[in-house]
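Undergrad: Mind looking over this structure? Questions follow.
The values are calculated or read from the model by the stated rules, or taken from the named source; none is laboratory data. The structure displayed is predicted, hence computed values, not measured ones. Positions of Cβ are backbone-derived with ideal geometry, glycine not excepted, and every protein chain shown enters the neighbour counts. These area figures cover heavy atoms from the full protein model, side chains too; ligands, DNA and RNA do not enter into them. Shrake-Rupley method; radii C 1.70, N 1.55, O 1.52, S 1.80 Å.
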Amino acid sequence: MPAGYLLYADNKGVVSLILRGRWVLPVTRDPIPDGGILIKDGVICALSDGDSLEKKYPDEEVLLFENEVVMPGFVNLHAHIEYSVMQGKCRGGSFLSWIQDLIKEARGMNESDWLESSRYGARLMIESGVTCLGDISKTDTSFQAIYESGLRAVVFLEVIGLDEMEADRIIDDLRLRLLKVKDRGSERVGLGLS
């Protein structure tokens, strides 16, 4: 099974099963070798050694991660997944040179490019063990990518303005963006402002 396997309950179905792993890391207590986690209706109900859980709940489906560690997912509180394809395209060094390269690269991208970059970023999050994130979005494409991926998130619409004379236009643009994305939220994907 690849790293970053993501399991979640959503509106399509309720998850009830036993997850087993070489190690279960519950965080609040010592690691459990050859451990198991009973999940019923999307809620963790029991932690124990895997054999005991299977004997006690013989009708439950078992998902076995034979040589893996089963643990809670990581939380990334500040991400910009829509910029993921730009890895390696911006100079290191000073923040100014990096941001100049970022702006230059961004000018050549269309909405489809931003969406594919957001999807790539969501995959990278899952592969890294992230299951929950705060994503700051300028293009609003990360809503769809995050929802499709199964991640939990709050997507923060990024609002930047340094010129006081532009404030009214920036607020009007924000209103339009909010109208466009207001129905994209779900139990797993919330909306915020940044």
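Undergrad: In the list 48, 97, which residue meets the criterion of being closer than 20 Å to residue 28 by Cβ and surrounded by 12 or more Cβ atoms within 10 Å (Cβ to Cβ)?
TA: 48
Undergrad: Being polar (S, T, N, Q) and without any contact (Cβ under 8 Å) to a residue 24 or more places away in the chain is the filter; apply it to the stretch 87-129 and report the residue that is farthest from residue 144 (Cα to Cα).
TA: Initially, the stretch 87-129 is screened for residues polar (S, T, N, Q), giving 87, 94, 97, 100, 110, 112, 117-118, 128.
Of the ones still in play, those that are also without any contact (Cβ under 8 Å) to a residue 24 or more places away in the chain are 87, 94, 97, 100, 110, 112.
Numbers: 87: 21, 94: 32, 97: 31, 100: 27, 110: 16, 112: 12 Å.
The residue in question is 94.
Undergrad: Follow-up. Go through the stretch 172-194 and report how many residues are open to solvent by less than 30 Å² (accessible area, probe 1.4 Å) and either in contact with a Lys or Arg (Cβ under 9 Å, 6 or more places away or on another chain) or not β-branched (Val, Ile, Thr) (or both).
TA: Of the residues in the stretch 172-194, 5 are open to solvent by less than 30 Å² (accessible area, probe 1.4 Å) and either in contact with a Lys or Arg (Cβ under 9 Å, 6 or more places away or on another chain) or not β-branched (Val, Ile, Thr) (or both).
Undergrad: Related question: From 152, 169, which residue is open to solvent by 80 Å² or more (accessible area, probe 1.4 Å), out of contact with any Asp or Glu (no Cβ under 9 Å at 6 or more places or on another chain) and either at pLDDT 90 or above or not charged (D, E, K, R) (or both)?
TA: When all the criteria are applied, what remains is 169.
Undergrad: I'd like the full set of residues that are farther than 14 Å from residue 151 by Cβ and surrounded by fewer than 17 Cβ atoms within 10 Å (Cβ to Cβ), limited to the stretch 73-84.
TA: 78
Undergrad: Test each condition in (1) part of a helix (DSSP H, G or I); (2) closer than 20 Å to residue 78 by Cα; (3) in contact with a Gly (Cβ under 9 Å, 6 or more places away or on another chain) for residue 148 and report the one that comes out false.
TA: Residue 148 satisfies all of (1) part of a helix (DSSP H, G or I); (2) closer than 20 Å to residue 78 by Cα; (3) in contact with a Gly (Cβ under 9 Å, 6 or more places away or on another chain) except (3).
Undergrad: For the stretch 155-166, give me the residue count where each residue is closer than 20 Å to residue 121 by Cβ and surrounded by fewer than 13 Cβ atoms within 10 Å (Cβ to Cβ).
TA: Summing the residues that are closer than 20 Å to residue 121 by Cβ and surrounded by fewer than 13 Cβ atoms within 10 Å (Cβ to Cβ) in the stretch 155-166 gives 1.
Yes or no, residue by residue, for (1) among the hydroxyl-bearing types (Ser, Thr, Tyr); (2) part of a loop (DSSP other than H, G, I, E, B); (3) modelled with pLDDT under 95:
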site: 54; (1), (2), (3): no, no, no
site: 63; (1), (2), (3): no, no, yes
site: 66; (1), (2), (3): no, no, yes
site: 82; (1), (2), (3): no, no, no
site: 88; (1), (2), (3): no, yes, yes
site: 92; (1), (2), (3): no, yes, yes
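Undergrad: With the checklist (1) buried (at least 16 other Cβ atoms within 10 Å of the Cβ); (2) touching a Leu at 6+ places or on another chain (Cβ under 6 Å); (3) not in a loop (DSSP other than H, G, I, E, B) in hand, flag the one item residue 115 doesn't pass.
TA: Failed condition: (2).
Undergrad: Just to verify a result, which residue in the stretch 33-45, among those that are out of contact with any helix residue (DSSP H, G or I) (no Cβ under 7 Å at 6 or more places or on another chain) and crowded, with 16+ Cβ neighbours inside 10 Å, is nearest to residue 20 (Cα to Cα)?
TA: The residue in question is 37.
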